[in-house]
1. Would you calculate the separation in nanometres between label points at Val40 and Ser609, each defined as 7 Å from the Cα along the Cα-to-beta-carbon direction?
2. Suppose the chain between Ser693 and Asp529 were pulled fully straight at 0.36 nm per residue; how much longer would it get relative to their current alpha carbon spacing?
3. How large is the Kirkwood hydrodynamic radius of the range 183-313, in angstrom, based on all distinct alpha carbon pairs?
4. Once you place label points 7 Å from the Cα toward the Cβ at Met718 and Tyr261, how far apart are they in nm?
5. Tell me the mean residue ellipticity at 222 nm calculated for the chain from its helices only (DSSP H runs of n ≥ 4, each -39500 (n - 2.57), averaged over every residue, nearest 500).
6. For Ile271 and Gln557, compute 0.36 nm times the residue count separating them, minus their Cα-Cα distance, and round to one decimal in nm.
7. Take the Cβ-Cβ distance between Arg731 and Asp566 as r, set R0 to 60 Å, and report the resulting FRET efficiency rounded to the nearest 0.05.
8. Per residue Cα convex hull volume for the range 418-519, in cubic angstrom?
Amino acid sequence: MKTVAAAALLVFSISASAFAQTQGEYRVTRTAVAPKIDGVLDDGAWAPLTPMPTGQWKSYNPSRGDDMPVTYKTDVRITYDDRNIYFAFHCFDNEPDKIRTNVSKRDASFSDDWIAISLDSAGTGQAAYHLFSNPSASQMDALNTSASGEQFDADMVWFTGAKKTSDGYVVEMQIPLQTLRFSGGDEVRMNLVMFRKISRIGYSYAWPEMLPGQWVFDRPIRLIFNNLKPRRLVELLPSVTYGVNQQRETSRQWSPADDKYNVGASGKIGITSGITLDGTINPDFSQVESDAFQAQVNQRFPVFFSEKRPFFMEGMGLFNIAGTGGDGNMRTAVHTRRIVDPIYGSKLTGTIGKTAFGVLNAVDDSPTPPFDDNGDPIDVANKVTTVARVSRGLQRSDYFGGIFTHTTLNGHQNFVAGGDLQIRPASAHSFSATFLTTRTTDRDIADRSGNAAQATYSYETRRWITLTQAEHYDKDFVMDTAFYNRTGFTGVWQFTDLSFYPKSTWLQRLHPWYFAKIGKDRIQNGHEDFLHTGIRLNVTRQGFLNVSHGRGHESWQGTKYRVGSDINIFGNMQALRWINVGGNYREGPSIFYDKTDPFQGRSRSFGVSTTIQPNQHLSQDLEFYRERFTRPSTGLEVYAVNIVNTKTTYQFNRHFLARGLAQYDSSRDRILTDFLASYEFVPGTVFHVGYGSLYEKGFGSVEPVPGLPTDPRDRFLMINRGLFLKASYLRRF
């Protein structure tokens, strides 16, 4: 950590001439007549408006700073009234037949052509709404914060209309003022950056230009609205769920069907223009999207599954802290999937000037009740989770903040308090640090206390990217709300990437890189080291290929083992408009993570994936992954795992879809099938009906079942089946 701190002090001495500056101001004209959001710019609202004067759009991915070709000119118009802000984009393209667009569900169109905005409605430079639309009006949205980056879990209420034209495509956006958080006044200033992707060449562009290493709002355009007042947000979301589930008792007999229903409600009220209170009672937290099967054999660290439940998704970027995610030990400080079955919950979030804050409370029906000597569950208090977070914006994306969490269940209590900061004293340099201290008490275990800390320094230009992080976790560090891999270790890692931009029709970027780390593991009583080197090629059609080699050591149960990859290859490409293909292959030394009989092994894995979209409505996803582990001393196979995930989706329009899943995991000898019909008008107003079934091999006795193999070890038998219906309605007042 001394190295990182010294680097930070050096950075402070560098000139801060690149502090935030706007690219000018644009005064938005009010409209007396709201435009029709249909992708046709013939409304009276648009007719009197000349396109907004924009400078040269510049690329930011995969290359930096290239001018957008004149054949992709983009006209932008903006207007507003007392209820909404409206955007209109005319995206020119001299080859409109090559525009890629599909009718897709939310957040599923990133391989298409699209146009997007980043709108900092509060004008603080700390958080923004990222809103994307493809030429079929399919939406993608995210909440972007300086601590967490883009969080696509959040779904906002906004509306789009789009249409392909003979010279490109048109997109209209309607953003209700109730969706935005801002302070009203005679002159309201909001920050804006716009983006556009041209799928077939694989380039994304921005205006104003996003320079390497800079926050999205370092150089924004400033929008000025005259006499703009926020609309008070009052929202009610009732929901009802009904499900029928049945378990198999024997090979020939099912248990009686177990049906249940759930009626709940959530609400939201804007206390002020910048402070919102959310509440939910008896919420339905059923997951409509099933988690894709992942290989979970011989895993040292837990497998992460993302949050998909609406109440938790909104605004969760606020609760994250600096230094999490990426290659660090902690992925997120608040992983709400640890709240399993809430009875009720509340969330207060808001901003006052440059101060942002949030408080989350949830009372969870006890997921693992204790049992008495007769095996009957003991009535105990429910699990209670509280998270409080505050951050103070400085300049640009710089901030400092604090976090407090508390969980209690069955005599177990966990307290966590800490602080974090992120500063960028010069345009290419960034520094962040976090400190957390915890105290855990249990009925029959002595109190435990522990600390964790990390410091990260990054440097980014068009040519160089380098990241260095030092982190430390005490043995007795416990944070019930977080998702992290391990405790009791200290480590430092560094990643460096050097980019070249060949003048080639197919090769866009070539960048060799290396990743190195060293550490001490006090739980496993040993040291670890790793060096990974490789090269990555970005090519046309959104393609990339990564080839690397890694070698290192890892301690497990007091013994040092070799780990790494003799060869590691992975890549992906939108080969044709209708097919995306990807694949990976890895082979190298590995550890068999057994607590009593570990040994040096060797693993080999490969996978292929493809998405086929023969038309704008039909999509077929197929993924196959295989991992094989052998003992080199004998050459014998220890295990082989095959994972198959398939998904077939027919999107009738951007609101209504039918989807079928089939998933296979050979390590658990199970097959999951799942069918869903789903209608979503806006986030919250939804109707779902689904049917799922689970098959396992080797279930039941040896008694024969007609039509199935005699030996139960050779047959798959349905052991669980269920039907569910869910409906909810979002009402804004």
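1. 4.0
2. 54.6 nm
3. When all Cα pairs of the range 183-313 are included, the Kirkwood radius is 21.2 Å.
4. 2.5
5. Calculated mean residue ellipticity at 222 nm is -500 deg cm²/dmol.
6. Taking 0.36 nm per residue and subtracting the Cα distance, the gain is 97.5 nm.
7. Once rounded, the FRET efficiency stands at 0.55.
8. 121
Where a number appears in this text, it was derived from the coordinates with a stated rule and is not lab data. Since the model is a prediction, treat every value here as computed from it, not as a measurement. No Cβ is skipped: glycine too gets one built from the backbone with ideal geometry, and neighbour counts run over all protein chains shown.
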